[in-house]
Amino acid sequence: MHLMKKALGGVYPTTNPRSNLELCKKKGVPEEIIQKLERMQAAHQNGYENFCLISATILTANFCGIENRMINLYAAGMLVNRIIYNYVYVNGTTEIYGTARSTVHTLGMMASWSVMLISAYHLNVRKV
């Protein structure tokens, strides 16, 4: 928001904030700033898309009786993962950053699915 406000000359229109990126383009904001704003918007959207899996993993692990310590480690790890992911996404302008972003994303997904599988195994063992 600060970068967009700066790009728009100190004014951040709040009546229709989803159109502010288009407004920046119309006002002749430099292309590198536009691209960074687009990456910021994409990283933000990706956070919404991944929130479902992260929250479902935490709820599933809790329901299946996984130790709180493990759930907390997963949540902290995903928080660090998302911080790194967003940093790399927003600041990455080269192919190596794209590869790093994909790697960080894959590691986060692997962590989520690992906890899901451990939860399923724990639930299966508990029923026996």
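Things worth noting here:
- The lone exception for Thr93 - which of (1) modelled with pLDDT under 95; (2) open to solvent by 80 Å² or more (accessible area, probe 1.4 Å); (3) part of a helix (DSSP H, G or I) it fails: (3)
- Which listed residue is assigned to a helix (DSSP H, G or I), in contact with a helix residue (DSSP H, G or I) (Cβ under 9 Å, 6 or more places away or on another chain), farther than 30 Å from Leu23 by Cβ and open to solvent by 70 Å² or more (accessible area, probe 1.4 Å), from Leu53, Leu117, Leu107: Leu107
- From the options Leu79, Leu73, Leu59, Leu37, residue that is buried (at least 18 other Cβ atoms within 10 Å of the Cβ) and either out of contact with any helix residue (DSSP H, G or I) (no Cβ under 7 Å at 6 or more places or on another chain) or at pLDDT below 95 (or both): Leu37
- The combined condition, being at negative phi and at pLDDT below 95, is not fulfilled by Thr103.
- Filtered by the rule that a residue be part of a helix (DSSP H, G or I) and free of Cβ contacts under 8 Å to residues at least 40 places away in the same chain, segment 26-43 gives Lys26, Glu31, Glu32, Ile33, Ile34, Leu37, Glu38, Gln41.
- Residue check for Leu123: at pLDDT below 95 and open to solvent by 40 Å² or more (accessible area, probe 1.4 Å): yes
- Selection count where residues are open to solvent by 40 Å² or more (accessible area, probe 1.4 Å) and out of contact with any helix residue (DSSP H, G or I) (no Cβ under 6 Å at 6 or more places or on another chain), scope segment 40-50: 5
- Checking each residue in segment 17-34 for being surrounded by fewer than 10 Cβ atoms within 10 Å (Cβ to Cβ) and small (Gly, Ala, Ser) picks out only Gly28.
The values are calculated or read from the model by the stated rules, or taken from the named source; none is laboratory data. Because the structure is a prediction, the values reported are computed rather than measured. Using ideal geometry, Cβ is built from the backbone for each residue, glycine included, and neighbour counts are taken over all protein chains shown. Protein only, heavy atoms only, side chains kept; ligands, DNA and RNA dropped before computing areas. Shrake-Rupley method; radii C 1.70, N 1.55, O 1.52, S 1.80 Å.
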